[in-house]
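Okay, so here's the structure we're looking at.
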Amino acid sequence: MSRPVWTALRTAIFQWDAETVHHFFVRLIAFTGRFWAGRVFLRVIAGAGLRETSVPVELLGMKFRNAIGLAAGFDKEGLLIQALPHLGFGYVEVGTVTPLPQPGNLRPRLFRDAERFSLFNRMGFNSPGAIEVARNVTRARRSGTLPGDFRIGINLGKNKETSAENAASDYAVAVRPFENLADYLVVNVSSPNTPGLRDLQTVDSLEKIVTAVRTELATWKICPPVLLKIAPELGGAALEDLIRSETKIGIDGWVLTNTLGGYWKGGKGGWSGGALGTLARDRLESVRSRSRLPILSVGGILQASEAKTRMDRGANAVQVYTGWIYFGLRWIPHLLRTLAKS
């Protein structure tokens, strides 16, 4: 699909409610990805040469198909896993996954700001629950269609009604169904859409949460790495404290960063895309200057040059979301070609 065709199609698509369109295309791509002919079709519309431009990277003790991942929040249910390798992605972060099903906040809760190539959401961790997501991931794993180096991360959150005092147990319950399914795990305490969640971005709270998750993982035959996802606003002494305490907390890496908290369309939520500016890059540079742990950089990546800049400044891999929506299916191969040349 050429850029002019996608631009025209995007103009038509953007006349519809953002969340309605999102669910339609997730299910359409998921359905297409279940069949051999469908996967061939996805490779064709994404652009030829994926294999030639998909350069593997070593990360978290394993080989990733390439350094471009789909960020958490896009595939909350694990429906797209079979399709994504054929659209150019090297990995996906599924979720955020909550222990129990919850509907999230009331609609409308997803909005576009096309002038800034941004999205604003106040989804509120809408999730079918950990057991249902694990069923979807299991189905994809057992399909026999996934490349061996395509990686699946699971982004973990707590239920809205769970208190901060009981948050650690929620993360432990959420991870339980994903034994032998997750290549890596992410503790998400940084969404602006769950009341009180960002208050957990302290050393004491995170140590309890990660300890609870690792206690659960201690019963697994293979223990996946555990990463921490923080908010872009977290800086100064609070960020320094986390970096200094990364070993004490028990994390194996960082996901930098979540959406930028703000208000729009009559409510509180989070900005992604252009509205983030350079905050995610700034956090990458701050953490990389003091930490040797792996970093997945996400947020505000709208150009291939920015993806390359993130890698040059210390990211081990990057994740995208908003740019894929604005620039279409051929954008991922474009990013891969740029990284392959560097």
Return yes when SER297 is over 19 Å from the mean Cα position of the chain (by Cα) and either assigned to a strand (DSSP E or B) or not β-branched (Val, Ile, Thr) (or both) and no when it is not.
no
Cβ-Cβ under 8 Å, sequence separation 6+ or interchain: first residue in segment 288-313 and over 23 Å from ARG244 (Cβ atoms), partner of a type in the set (Lys, Arg). Which pairs?
GLY300/ARG281; ILE301/ARG310; ALA304/ARG337; GLU306/ARG281; THR309/ARG281; ARG310/ARG281
Filter result for LEU284 (assigned to a helix (DSSP H, G or I), in contact with a strand residue (DSSP E or B) (Cβ under 8 Å, 6 or more places away or on another chain), crowded, with 17+ Cβ neighbours inside 10 Å and at pLDDT below 95):
no
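Could we say that ALA212 is of a type in the set (Gly, Ala, Ser), more than 21 Å from ASN126 (Cβ to Cβ), free of Cβ contacts under 8 Å to residues at least 40 places away in the same chain and not in a strand (DSSP E or B) here?
No: the conditions fail for ALA212.
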Those residues of segment 23-39 which are touching a residue at least 40 places away in the same chain (Cβ under 8 Å), in contact with a helix residue (DSSP H, G or I) (Cβ under 8 Å, 6 or more places away or on another chain) and not small (Gly, Ala, Ser), in sequence order
ILE29, THR32, ARG39
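Between PHE125, PHE111, PHE89, which is outside any loop (DSSP other than H, G, I, E, B) and not β-branched (Val, Ile, Thr)?
Answer to the check: PHE111.
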Given the conditions (1) closer than 21 Å to ALA71 by Cβ; (2) part of a helix (DSSP H, G or I); (3) without any contact (Cβ under 8 Å) to a residue 60 or more places away in the chain; (4) over 16 Å from the mean Cα position of the chain (by Cα), which single one is not true for ALA174?
(3)
Would you be able to tell me the number of residues in segment 158-195 that are touching a helix residue (DSSP H, G or I) at 6+ places or on another chain (Cβ under 9 Å) and of a type in the set (S, T, N, Q)?
7
Restricting attention to segment 151-169, which residues are surrounded by fewer than 21 Cβ atoms within 10 Å (Cβ to Cβ), part of a loop (DSSP other than H, G, I, E, B) and either charged (D, E, K, R) or out of contact with any Ser or Thr (no Cβ under 9 Å at 6 or more places or on another chain) (or both)?
LYS160, GLU161, SER163
Filter segment 311-342 down to residues that are assigned to a loop (DSSP other than H, G, I, E, B) and in contact with a strand residue (DSSP E or B) (Cβ under 9 Å, 6 or more places away or on another chain) and give me whichever is surrounded by the fewest Cβ atoms within 10 Å (Cβ to Cβ).
ARG313
Which residue is nearest to the chain's Cα centre (by Cα), if the candidates are limited to segment 36-57 and must be surrounded by fewer than 13 Cβ atoms within 10 Å (Cβ to Cβ) and either assigned to a helix (DSSP H, G or I) or at pLDDT 95 or above (or both)?
ARG51
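Let's see how each residue does on (1) at pLDDT below 95; (2) more than 17 Å from the chain's Cα centre (by Cα); (3) not basic (Lys, Arg):
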position: ASN155; (1), (2), (3): no, no, yes
position: ALA168; (1), (2), (3): no, yes, yes
position: LEU181; (1), (2), (3): no, no, yes
position: TYR184; (1), (2), (3): no, no, yes
position: LEU197; (1), (2), (3): yes, yes, yes
position: GLU207; (1), (2), (3): no, yes, yes
position: PRO225; (1), (2), (3): no, no, yes
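The values are calculated or read from the model by the stated rules, or taken from the named source; none is laboratory data. None of these values were measured; they are calculated from a predicted model. A quick note on method: Cβ atoms are made from the backbone with ideal geometry, for glycine too, and the neighbour counts reach across all protein chains shown.
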